[in-house]
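The values are calculated or read from the model by the stated rules, or taken from the named source; none is laboratory data. The structure displayed is predicted, hence computed values, not measured ones. For neighbour counting, all protein chains shown are included, and Cβ atoms are generated from backbone atoms with ideal geometry for every residue, glycine included.
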Amino acid sequence: MPTPTGHVLLSPSSSHRWLICTPSAMLESSQPSTYSPYAEEGTEAHALAELKLSYMLEKISVKEYETRFEQFRLTSKFYNLEFNDFVNDYVNEVMTIVKEDYKGLNVNVYLEEYVKFEDIVPNGAGTSDVVIVGKDFIHIIDLKFGKGVPVSAIGNPQLRLYALGAIKTHVRECACTEAKMTIIQPRLHDISTDFVQIDALNDWAINYVKPRAELAIAGKGELVAGDHCKFCKMRGICKALADKQLSVAQAEFDDVVVENHMIEPAQMSPEVIARILDIAPKFIDWFKDVQSYATNAAINHGVQIPHYKIVEGRSTRIITDVNAVAETLRTAGFPESDYLKPTELLGITTLEKNIGKKLFNNLCEQYIVKPAGKLTLVPESDKREAIDVKAKILDGDEFYEVVETDDQ
Ligand code: SF4
């Protein structure tokens, strides 16, 4: 049954999930909402980007821009020069598209436009960061401020839904034949773009999205686990995801056990170790999700998890009045070096945040070096170049074995 909050149930940003696993939206709505500083940071980045683009596109005066920018700078929880640099990177990319890609063309640019696609998705609506409307095309641009997971525009349902809504909004000014969709992720220095013909977009909307949205709003359909589970609120308790993880684990580990039995010596072969290393990451994140769900359920809702109990964690002592302690030790005759930390330079990441990445690097580049990193074992697919460890050992450079033991 649809919930009273049906208007946000099928959000465009989670459409990549509810289009595949249709009951997920309704199930997620039964879970408590969680605070995410990343989401809040993203909201602030969007607000600053809109302000800057409004000025660059001459929608507001320089005076209004300066007043609002100063207000933002003073009140924002996340503003610092690095944050500002990344927002500028996004704004510059958008302006390059507007001024260079569409040079000589008559286009209108709309910011933070509320678009609706209710004929396809029940109560379907969302806010598109930038909508560029030409004579016969629509271009949707979306800012993703996160730096954890790259998000591609290729086949992205959120942007496709925005395109559908924008086409309806601008039907009088644009005889649209093609939609273009771009995602800009400044903190990953990533830009991707997709194109879709309007006929194909409408076909996708009517024959794929509409029937699945009807199932999703009713909480019906099949639970389907996959990569889209990553940010689902159900992932710590979802049985379908658990079944998938456990059956994959069983199949994978069965193979490893068989492989291992075929080996004579008492030690696992490098091949078997490689198999275990390959398999492990698939389960570590899921294990943490289940652990976090269980901890929250036990502590905040009194759920009894068999064989587990709640205890107080280890804590460290804290000083309640640092000034009083410093004064006491000073009066007792101890030198400052015994109880005060010396003033020291902040770390590079914090300096870049406070001073701005570009400015800091312009000023101090000659004093920064990047020493060789600690040797690490990674899968072959990793983009970094492999190191010829055997040659280094033969050259007598260093002995690379890492021995970890707890019986010292
Ligand atoms: S965790 Fe995955 S399978 Fe379970 S409800 Fe969420 S999206 Fe569906």
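Pick from Ala205, Ala216, Ala266: which is within 16 Å of the ligand (Cβ to nearest atom), of a type in the set (Gly, Ala, Ser) and either at pLDDT 95 or above or more than 27 Å from Ala25 (Cβ to Cβ) (or both)?
Ala216
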Index of the failed condition, Asp194 passing every other in (1) within 16 Å of the ligand (Cβ to nearest atom); (2) not in a helix (DSSP H, G or I)
(1)
Can you find even one residue in the stretch 13-33 that is under 30 Å from Thr349 (Cα atoms) and aromatic (Phe, Trp, Tyr)?
no
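Working only within the stretch 100-117, note down all residues that are charged (D, E, K, R) and either touching a Leu at 6+ places or on another chain (Cβ under 6 Å) or modelled with pLDDT of 95 or more (or both). Can you show your working first?
Start the filter on the stretch 100-117 by keeping residues that are charged (D, E, K, R), which leaves 100-101, 103, 112-113, 116.
Passing the criteria: Glu112, Glu113, Lys116.
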Exactly one of (1) at pLDDT 85 or above; (2) in a helix (DSSP H, G or I); (3) surrounded by fewer than 10 Cβ atoms within 10 Å (Cβ to Cβ) is unmet by Ala294. Its number?
(3)
Under the condition of being over 22 Å from Lys288 (Cβ atoms) and either within 16 Å of the ligand (Cβ to nearest atom) or not aliphatic (A, V, I, L, M) (or both), which residue from the stretch 242-263 is surrounded by the fewest Cβ atoms within 10 Å (Cβ to Cβ)?
His261
Pick from Lys135, Lys220: which is over 27 Å from Ser36 (Cβ atoms) and in contact with a Ser or Thr (Cβ under 8 Å, 6 or more places away or on another chain)?
Lys220
Filter the stretch 177-197 for residues that are within 24 Å of the chain's Cα centre (by Cα), surrounded by 18 or more Cβ atoms within 10 Å (Cβ to Cβ) and not β-branched (Val, Ile, Thr) and give the result.
Lys180, Met181, Gln185, Pro186, Asp194
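Yes/no per residue for (1) within 11 Å of the ligand (Cβ to nearest atom); (2) part of a helix (DSSP H, G or I); (3) surrounded by 14 or more Cβ atoms within 10 Å (Cβ to Cβ); (4) of a type in the set (S, T, N, Q):
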site	(1), (2), (3), (4)
Ala175	no, no, no, no
Asp199	no, yes, no, no
Arg212	no, yes, yes, no
Glu222	yes, no, no, no
Ala240	yes, yes, yes, no
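Looking for something within 18 Å of Val151 (Cβ to Cβ), surrounded by fewer than 21 Cβ atoms within 10 Å (Cβ to Cβ), within 16 Å of the ligand (Cβ to nearest atom) and not charged (D, E, K, R) - is there at least one such residue anywhere in the stretch 36-50? Let's see the steps before the verdict.
Filtering the stretch 36-50 for residues within 18 Å of Val151 (Cβ to Cβ) gives 36, 38-39, 41-43, 45-46, 49.
With surrounded by fewer than 21 Cβ atoms within 10 Å (Cβ to Cβ) added as a condition, the list becomes 36, 38-39, 41-43, 46.
Checking which are within 16 Å of the ligand (Cβ to nearest atom) leaves us with none.
The answer is no, given that none of the residues of the stretch 36-50 is within 18 Å of Val151 (Cβ to Cβ), surrounded by fewer than 21 Cβ atoms within 10 Å (Cβ to Cβ), within 16 Å of the ligand (Cβ to nearest atom) and not charged (D, E, K, R).
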For Arg73, are the conditions met, namely being assigned by TED's automatic domain parsing to the domain that holds Ala175 and under 27 Å from the mean Cα position of the chain (by Cα)?
yes
Looking at the structure I just gave you, is Gly226 touching a residue at least 24 places away in the same chain (Cβ under 8 Å), surrounded by fewer than 17 Cβ atoms within 10 Å (Cβ to Cβ), of a type outside the set (Phe, Trp, Tyr) and away from the ligand (no atom under 16 Å from the Cβ)?
no
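Is it the case that some residue within the stretch 157-175 is at positive phi, free of Cβ contacts under 8 Å to residues at least 40 places away in the same chain, outside the structural domain of Phe360 (by TED's automatic domain parsing) and of a type in the set (Gly, Ala, Ser)? Show your work before the answer.
Step one: list which residues in the stretch 157-175 are at positive phi, which gives none.
No: the stretch 157-175 contains no residue that is at positive phi, free of Cβ contacts under 8 Å to residues at least 40 places away in the same chain, outside the structural domain of Phe360 (by TED's automatic domain parsing) and of a type in the set (Gly, Ala, Ser).
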So, in the stretch 43-92, how many residues would count as being of a type outside the set (Val, Ile, Thr), part of a helix (DSSP H, G or I) and in contact (Cβ under 8 Å) with a residue 60 or more places away in the chain?
13
